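To keep things clear, I will list the structure first and then write my remarks on it.
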Amino acid sequence: MIVREAISNKEFSSLLINQSFVYEKNPSVAISFSGGSDSLALLILMNNWIKKHKGFLTLIYFDHKLRKGSYLETQYAKELSKKLGIDHKILTWSEKKPKNSIMQKAREIRYEKIVSFCKQKKIMTVMTAHHLDDSLETYFMKKKRNSLTPNLSGIPFKNTQDQVQILRPFINLRKSRLIQTCKKNKFKWFEDPSNKDNNFERVRVRNIIGGLSKYKRSQLYSEFKVNNYENKYFEIEIANFFIKNLEFEDCGKFIINKKEFKYQNKCFQIEILKRILVTCSGSVYSPRSRSVRFFLDKYLKLENVKFTIHSCIVECYSDKIYIFREYVKTKRSNPKQLIIKKKKSVIWDNRFLISSIFSDIKCLIFDDIIWLKLKKQYKFVKDTNNIPYDILKTLPVLLYKNKMMIPFLTNNEIMTSFGISVIFKPKIPLTKKNL
């Protein structure tokens, strides 16, 4: 067995330079710490780097409240922070746990709360300890689920969530080197028992990859590297298509140039629609490639047809394809009445960021009764702005001191004077892949 060397401070510093990571003067960085060897190695190296650059480091431990042993890890995180002379923050998942897809939801909640904390503390950078083995496993899982999608990739070395950059400096390094780094620095770590639980897909995939012959593993890794390289250019092509052939309206309507769309190859068409659908729906996960292919095969050549997919309505005409949120899903996914507190913000329907500065406001689900009350006031603006009723129904209705308003129909100056803001802000924007 080859024993790989530990990562030196010099090599780590080079990694940050070579990956073009950007920091402010006296950088403030948070480490997503799990208690395992991966995040411990990152914490050790980043602590040395941050002191040299006169910055500030914060350890963030997220307690999912899924294991009894997590209390010990919480205490370890606190003691380690004290030993290293850095700040720490313990975040918890205290909400009710879902019965299905618990690991996916846990990951989503973890990122959401870590990013929210960092924004509050004006920390612009979060680092995670994802490494090459993690990225290869991710690629394998994507390939298994999305065999029709071209240019699959692993985990990116950086991306952005809600204006906080997430960096992964170890993404091209093997896990064995992280373990050696912890050993060299004489630190102990926790082993998460879930890493051996075959109920989780990643564990099963890890075992499959580990069971491959040396030749098969080499083949998989070569394929992975090629796909990662090609994916960069594929992303550029996708972005160029969106810039030239996609229109977006703040109310959540996407309009595709059908003529140009039809000229693209089938795999490219599938990926374009998947990106738009996941953004339009406010979902975190994209639709299955098979479902999108079915739509393309059956409906793309037709005109004046309406199709429902991934909580969205897709309407095809001779020259345009319209995509917008399905009202039924909006109605089912949101409370009939939601109070938005003064100086607070809420993501409504996983798509709209609603905030109020001066006063508490109520957010209501649109319905026919509300429209009867407001139709006289808003019909002209609705027709002028070409907002179909099917889209209008998917918008929130805001109640401020007995005044009822519909975003994107109510004059923006009036909304601003009341200190109310509504912005289309889905979890997965078009330029970000779901990784």
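The values are calculated or read from the model by the stated rules, or taken from the named source; none is laboratory data. Note that the structure is a prediction, hence the values are computed from the model and not measured. Don't worry about glycine lacking a Cβ; one is built from the backbone with ideal geometry, like all the others, and counts go over all protein chains shown.
Observations on the model:
- Apart from one condition, T74 fits all of (1) in a helix (DSSP H, G or I); (2) touching a helix residue (DSSP H, G or I) at 6+ places or on another chain (Cβ under 9 Å); (3) of a type in the set (V, I, T); the exception is (2).
- Against the numbered list (1) under 22 Å from H131 (Cβ atoms); (2) more than 24 Å from the chain's Cα centre (by Cα), Q104 comes up short only at (2).
This table checks each residue for (1) at pLDDT 85 or above; (2) out of contact with any strand residue (DSSP E or B) (no Cβ under 6 Å at 6 or more places or on another chain); (3) surrounded by 15 or more Cβ atoms within 10 Å (Cβ to Cβ).
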position: G154; (1), (2), (3): no, yes, yes
position: L167; (1), (2), (3): yes, no, yes
position: R177; (1), (2), (3): yes, yes, yes
position: K188; (1), (2), (3): yes, yes, no
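- So V346, is it touching a strand residue (DSSP E or B) at 6+ places or on another chain (Cβ under 7 Å), more than 27 Å from T410 (Cβ to Cβ), among the β-branched types (V, I, T) and modelled with pLDDT under 95: no
- For segment 383-407, residues that are in a loop (DSSP other than H, G, I, E, B) and over 33 Å from the mean Cα position of the chain (by Cα) total 2.
- Matching residues, segment 305-314, being part of a strand (DSSP E or B) and not basic (K, R): V305, F307, T308, I309, C312, I313, V314
- Options E247, E230: the member that is touching a residue at least 40 places away in the same chain (Cβ under 8 Å) and either outside any loop (DSSP other than H, G, I, E, B) or touching a strand residue (DSSP E or B) at 6+ places or on another chain (Cβ under 9 Å) (or both): E230
So that you can scan it fast, the table gives a plain yes or no per residue for (1) among the charged types (D, E, K, R); (2) at pLDDT below 85; (3) closer than 19 Å to S20 by Cα:
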site: K184; (1), (2), (3): yes, no, no
site: P193; (1), (2), (3): no, yes, no
site: K196; (1), (2), (3): yes, yes, no
site: V203; (1), (2), (3): no, no, no
site: S222; (1), (2), (3): no, no, no
site: I243; (1), (2), (3): no, no, no
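- Between K320, K329, the distinction of being under 28 Å from N402 (Cα atoms) and either within 24 Å of the chain's Cα centre (by Cα) or surrounded by fewer than 18 Cβ atoms within 10 Å (Cβ to Cβ) (or both) belongs to K329 only.
- Filtering Y299, Y285 for residues that are surrounded by fewer than 19 Cβ atoms within 10 Å (Cβ to Cβ), hydroxyl-bearing (S, T, Y), touching a strand residue (DSSP E or B) at 6+ places or on another chain (Cβ under 7 Å) and modelled with pLDDT under 90 leaves a single hit, Y299.
- Sub-6 Å Cβ pairs linking a first residue in segment 257-268 that is within 19 Å of Y317 (Cα to Cα) to a second residue that is modelled with pLDDT of 95 or more and surrounded by 15 or more Cβ atoms within 10 Å (Cβ to Cβ), at least 6 apart or interchain, are N257/N245; K258/I321; E260/N245, ordered by first then second residue.
- The residue that is nearest to K143 (Cα to Cα), among those in segment 253-274 that are assigned to a helix (DSSP H, G or I) and aromatic (F, W, Y), is F268.
- Selection status of I357, among the hydrophobic types (A, V, I, L, M, F, W, C) and either in the same structural domain as G419 (by TED's automatic domain parsing) or touching a strand residue (DSSP E or B) at 6+ places or on another chain (Cβ under 6 Å) (or both): yes
- Counting only strands (runs of 3 or more DSSP E) that sit wholly inside segment 315-377, those with at least 2 residues that are free of Cβ contacts under 8 Å to residues at least 40 places away in the same chain are 337-340, 344-348, 361-365.
- Number of the condition not met by K375 [criteria: (1) in the same structural domain as H310 (by TED's automatic domain parsing); (2) at pLDDT below 95]: (1)
Table: residues versus (1) free of Cβ contacts under 8 Å to residues at least 40 places away in the same chain; (2) in a helix (DSSP H, G or I); (3) more than 26 Å from the chain's Cα centre (by Cα).
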| site | (1), (2), (3) |
| --- | --- |
| V381 | yes, yes, yes |
| L409 | yes, no, yes |
| T416 | yes, yes, yes |
| P426 | no, no, no |
| P429 | no, no, no |
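- With respect to (1) outside any strand (DSSP E or B); (2) in contact with a Phe, Trp or Tyr (Cβ under 7 Å, 6 or more places away or on another chain); (3) not aromatic (F, W, Y); (4) not assigned by TED's automatic domain parsing to the domain that holds L395, the lone exception for L277 is condition (2).
Rundown of residues vs (1) in a helix (DSSP H, G or I); (2) farther than 19 Å from I166 by Cα; (3) among the aromatic types (F, W, Y); (4) in contact with a helix residue (DSSP H, G or I) (Cβ under 6 Å, 6 or more places away or on another chain), yes/no style:
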| position | (1), (2), (3), (4) |
| --- | --- |
| K82 | yes, yes, no, no |
| H88 | no, no, no, yes |
| S94 | no, yes, no, no |
| N100 | no, yes, no, no |
| K105 | yes, no, no, no |
| A129 | no, no, no, yes |
| F140 | yes, yes, yes, yes |
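- Criterion (surrounded by 19 or more Cβ atoms within 10 Å (Cβ to Cβ), closer than 30 Å to G210 by Cβ and either in contact (Cβ under 8 Å) with a residue 12 or more places away in the chain or not hydroxyl-bearing (S, T, Y) (or both)) met by exactly one of L72, L57, L42, L66: L42
- Each residue in segment 1-56 was checked for being charged (D, E, K, R) and not in a helix (DSSP H, G or I), and 5 pass.
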